Ligand code: FES
Ligand code: FES
């Protein structure tokens, strides 16, 4: 199987029902994407597939063949992703950091689709769990970005 991850091609030989997360972390060594629950509940494993957030722990390999997969390692290659990371630093969002690659991926997808999201849209999109309770900082960073579309923070 050929996978397109972060604009690179990878040949993988695992079964088609293998979770994408296993390949990303264990075969390709892209360990920025985290394993949390393994049950599509927490969002720590979030990556983009053709620009949409997916939970890679429950995404079978054969469903992403021929699609563009983006992990946290390449999120800053996207101008919106770069602004999200800048805002995360400015607002000092991470605590332990474990959930944060998934949070950044989710925020990037939200802001690419909806550059000026309402509070309701932010709440609906930013549903990944954070055991450190960084939710207020996440919201502040996203609101900062949404009010400054196209500007450098
Ligand atoms: S590890 Fe995938 S949603 Fe929790
Ligand atoms: S920053 Fe620790 S789990 Fe979110």
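Values quoted throughout were computed directly from the atomic coordinates according to the rules given, and no laboratory measurement underlies them. Just so we're clear, the structure is a prediction, and the values are computed from it rather than from any experiment. Because the Cβ atoms are built from the backbone with ideal geometry, glycine has one as well, and the counts that use them run over all protein chains shown.
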Worksheet item: To the nearest 10 degrees, how steeply does helix 100-113 sit against the main Cα axis of the chain, on a 0 to 90 scale?
Response: 70
Practice prompt. Tally the DSSP beta bridges in the chain and give the antiparallel ones as a percent, rounded to 5.
Written response: 85
Worksheet item: On a 0 to 90 degree scale, rounded to 10, what angle separates helix 135-146 from the longest Cα axis of the chain?
Response: 80
Item to complete: For segment 75-146, take the alpha-carbon Rg, divide it by the Kirkwood Rh, and send me Rg/Rh.
Response: 0.91
Worksheet item: Rounded to the nearest 5, what is the percent of antiparallel bridges among the DSSP beta bridges in segment 2-74?
Response: 85
Worksheet item: Once a ≥ b ≥ c are taken as the square roots of the eigenvalues of the Cα gyration tensor of segment 2-74, is the result rounded (a/c under 1.5), prolate (a/b larger than b/c) or oblate (a/b not larger than b/c)?
Response: rounded
Worksheet item: Sorting 88, 22 on the 10 Å Cβ count, fewest up front, what's the list?
Response: 22, 88
Practice prompt. May I ask you to sort 62, 78, 15 by Cβ crowding, counting other Cβ atoms within 10 Å and putting the fewest first?
Written response: 15, 62, 78
Discussion item. Neighbour counts of other C-beta atoms within 10 Å: give me 145, 129, 110 arranged from fewest to most.
Written reply: 129, 110, 145
Worksheet item: Dimensions of the chain along principal axes (Cα, Å, largest first)?
Response: 44, 30, 24
Fill in: Gyration tensor (alpha-carbon) shape descriptor, segment 57-97, a/c threshold 1.5
oblate
Practice prompt. Evaluate the relative contact order of the chain (contact order divided by residue number), counting alpha-carbon pairs under 8 angstrom at least 6 apart; express in whole percent.
Written response: 24
